[in-house]
Amino acid sequence: MRVRIEPSYFEMSNVAAKLIAAQLRRKPDSVLGLATGSTPLGIYRELARMHKDEGLDFAGVRTFNLDEYYGLAPDHPQSYRYFMDENLLRHVNIDPKNVHIPGGIVKDIEASCSEYEASIREAGGIDIQLLGIGRDGHIAFNEPGSSLGSRTRLKTLAQETISDNARFFKSLDEVPRFAITMGVGTILESRHIVLLASGVEKSDAVRLAVEGPVTSEITASVLQLHPKVTVFLDEAAAEKLKRRDYYKYVEAMRQKVGQAEV
Ligand code: GLP
C-alpha cells in the first residue's frame, strides 16, 4: 500500500487525475472504476479540463461505477447516474455505451447484479478503481460487517451513512435506505486501486483502514491485502496516521530513485 500525503485537496486531486490520465494514454481502452461522493469531484474537474485543454481522449474508455441508490431513477438529481453525467461524463468524449452504472430501478435485483459482474469480466476487469471512504470505513456501500468476499448486491445502508448523505437530499426521510453496490470481493479484483480521502472527519477511518487490523468492521482495511493500492490523502485526512512521517519519507526516497511516478 502506497500512501501519498499531499498538502491540500486541490493537489491531491490533481496528482490523482494525472495518474488516471497517464493510464488512459498508456491504454486508450482502459477500464475505469468510478466513485461518487464529494471526494472525487476534484479529479473529475481536472480530467474534464485535461480533455478540453490537452485533448485527453475518452473515446475508447469503458467505465463501471461502484454503486447506485436503490429506488432512484437515472434522472433523479441525487442518483449516482445523474451525478456522473453532471460531473464527468457530459464533459468528456466518452461513448455512452461504454458507461456502466448499476441500475437503481430493476425488476430482478439478483439477475441485474450478476449481469453487472459479468459485464466487468467481459470488459477484461477494471484497470484503475477509484474509491472514497465513508466515516465508518466503508468502500462503495460495503457497510461494516460486509463479507470481505462479497459481490455486487443489494445492501442496507447504515444509519451513519444515511445521515452523512442526507446533506444531498431535502430531508432525512428522502435518503434511500438501500443501494446496489459492487462487493468488496469485486473491488479487490481491480488491478490498481486508488483510495482518496480528504478532511479531518475522515482521519479515523483512514487510520483504521491503513494501519488497523484487516476486519469487516472497516471494509477499507481489506485493501491491505491487495498488491497495488495507492492511498491519496490531504494533510487533514492523514493527521491520525502513526507512520505519517515515514510515508512522506518514502515518497521523498522514491523521488531519488526515479520512482515518484506511479
Ligand atoms: C458514499 C459512497 C461512497 C463514498 C462515501 C464518502 O457512501 N457510496 O462511495 O466514498 O459516500 O463520500 P464523500 O466523498 O462525499 O465523503
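Each value in this text was obtained by applying a stated rule to the coordinates, not by laboratory testing. Bear in mind the structure is a predicted one, so any value in this text is a computation, not a measurement. With ideal geometry, Cβ positions are generated from the backbone for all residues, glycine too; neighbour counts draw on all protein chains shown.
Tally the residues that are farther than 11 Å from H100 by Cα and away from the ligand (no atom under 12 Å from the Cβ), restricting the search to the range 25-43.
The number of residues fulfilling the criteria is 6.
How many residues does the range 199-240 contain that are assigned to a loop (DSSP other than H, G, I, E, B), closer than 23 Å to F64 by Cα and touching a Ser or Thr at 6+ places or on another chain (Cβ under 7 Å)?
Of the residues in that region, 0 qualify.
Is it fair to say F178 is out of contact with any Lys or Arg (no Cβ under 9 Å at 6 or more places or on another chain), more than 25 Å from I20 (Cα to Cα) and touching a residue at least 40 places away in the same chain (Cβ under 8 Å)?
no
Out of all the residues in the range 109-121, is one or more aliphatic (A, V, I, L, M), surrounded by fewer than 16 Cβ atoms within 10 Å (Cβ to Cβ) and not in a loop (DSSP other than H, G, I, E, B)?
Within the range 109-121, one or more residues are aliphatic (A, V, I, L, M), surrounded by fewer than 16 Cβ atoms within 10 Å (Cβ to Cβ) and not in a loop (DSSP other than H, G, I, E, B).
Quick one: in the range 59-98, of everything that is part of a helix (DSSP H, G or I) and basic (K, R), which residue is nearest to the ligand (Cβ to nearest atom)?
The selected residue is R81.
Per-residue answers, yes or no, for (1) within 11 Å of the ligand (Cβ to nearest atom); (2) of a type outside the set (A, V, I, L, M):
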| residue | (1), (2) |
| --- | --- |
| F178 | no, yes |
| V184 | no, no |
| L188 | no, no |
| S198 | yes, yes |
| E201 | yes, yes |
| A205 | yes, no |
